[in-house]
Amino acid sequence: MRREPSIVYWRWGNWSWRLEWAWGWRATWGVKIDDEDLTVGLSFLFGALWISVAHPRWLRWSRPAREVRLAFHDGAAFWTVWVDPGFWSSDDPRWRNGSFDFVDFLLGRTRYVVEVEREETVEVPMPERVYLATARLQRAEWRRPRWPFARRMRRVDFEMHEGHAIPFPGKGESEWDCGENATYSMTTPADTIADGIGNLVASVLQSRRRYGGRNWRPEAGRVVS
């Protein structure tokens, strides 16, 4: 699993340097040119070094930025050939902006199959009231055609009934999430519907404690539709 990279910048004359590292296998080679800098970069395994230089006199670039890049990660190769890194178009030919998945090529694309073993209306007990939901006990499978082993999971899918969405406080990080939020549906790994209800209750209570405090409760009489 790859994490967000840690980055250090420093400047020396017209040269600017960027040292970047992150856990997770990846390899990238690239060159980018825009109206400010010419950047050359190379990364492999856990680190990356990107070197930028302010445009020398012999190189003036007033057109949209262009990038040439070849990257390997997540079992695939990704490339761009002289395209604008800030713009993507479905009309771009694949040879200029494309990818190739080695795992899919060797083992075939993953096929996802889900089977509903049981479906029923359940009660979800919360401190302020009981909420109704449709619960579906499912068996999910991910299998590749040329690989003998499949990944399987039993899980419960919840769909809250109208007027029974379970409220919890918003994160409060932006204007749009300062009020109440609510859980309208949820899918959780579980072997039984009862285990799934426990996971749903625990998830909502955790959100309430995190964003509203241990004693947070929704407004009395308020129904989230």
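The values are calculated or read from the model by the stated rules, or taken from the named source; none is laboratory data. Just so you know, these numbers come straight off a predicted model, no measurement behind them. Note: ideal-geometry Cβ built from the backbone for every residue, glycine included; neighbour counts use all protein chains shown.
The conditions of being surrounded by fewer than 15 Cβ atoms within 10 Å (Cβ to Cβ) and either in contact with a Leu (Cβ under 8 Å, 6 or more places away or on another chain) or touching a residue at least 40 places away in the same chain (Cβ under 8 Å) (or both) are not met by Glu159.
Of the residues making up region 83-94, not a single one is surrounded by 11 or more Cβ atoms within 10 Å (Cβ to Cβ), in the same structural domain as Thr183 (by TED's automatic domain parsing), out of contact with any Lys or Arg (no Cβ under 7 Å at 6 or more places or on another chain) and not in a strand (DSSP E or B). Any residue that is touching a residue at least 40 places away in the same chain (Cβ under 8 Å), of a type outside the set (D, E, K, R) and surrounded by 12 or more Cβ atoms within 10 Å (Cβ to Cβ) - is there at least one of those in region 110-120? So far as region 110-120 goes, no, none of its residues is touching a residue at least 40 places away in the same chain (Cβ under 8 Å), of a type outside the set (D, E, K, R) and surrounded by 12 or more Cβ atoms within 10 Å (Cβ to Cβ). Of all the residues in region 29-51, those that are at pLDDT 75 or above and small (Gly, Ala, Ser) number 3. I'm trying to understand the selection: among the residues of region 181-194, which are within 15 Å of Val124 (Cβ to Cβ) and modelled with pLDDT of 95 or more? Listed by number, the residues that qualify are Thr183, Tyr184, Ser185, Met186, Thr187, Thr188, Ala190, Thr192, Ile193, Ala194.
Looking at Arg57, Arg63, can you tell me which residue is farther than 25 Å from Ser99 by Cα, surrounded by fewer than 15 Cβ atoms within 10 Å (Cβ to Cβ) and either among the β-branched types (Val, Ile, Thr) or at pLDDT 75 or above (or both)?
Numbers: Arg57 fails: either among the β-branched types (Val, Ile, Thr) or at pLDDT 75 or above (or both).
Within the list Arg57, Arg63, the selection yields Arg63.
Yes/no per residue for (1) modelled with pLDDT of 95 or more; (2) farther than 30 Å from Gly75 by Cα:
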site: Tyr112; (1), (2): yes, no
site: Val116; (1), (2): yes, yes
site: Val124; (1), (2): yes, yes
site: Ala140; (1), (2): yes, no
site: Phe149; (1), (2): yes, no
site: Phe158; (1), (2): yes, yes
site: Gly179; (1), (2): no, yes
site: Gly196; (1), (2): yes, yes
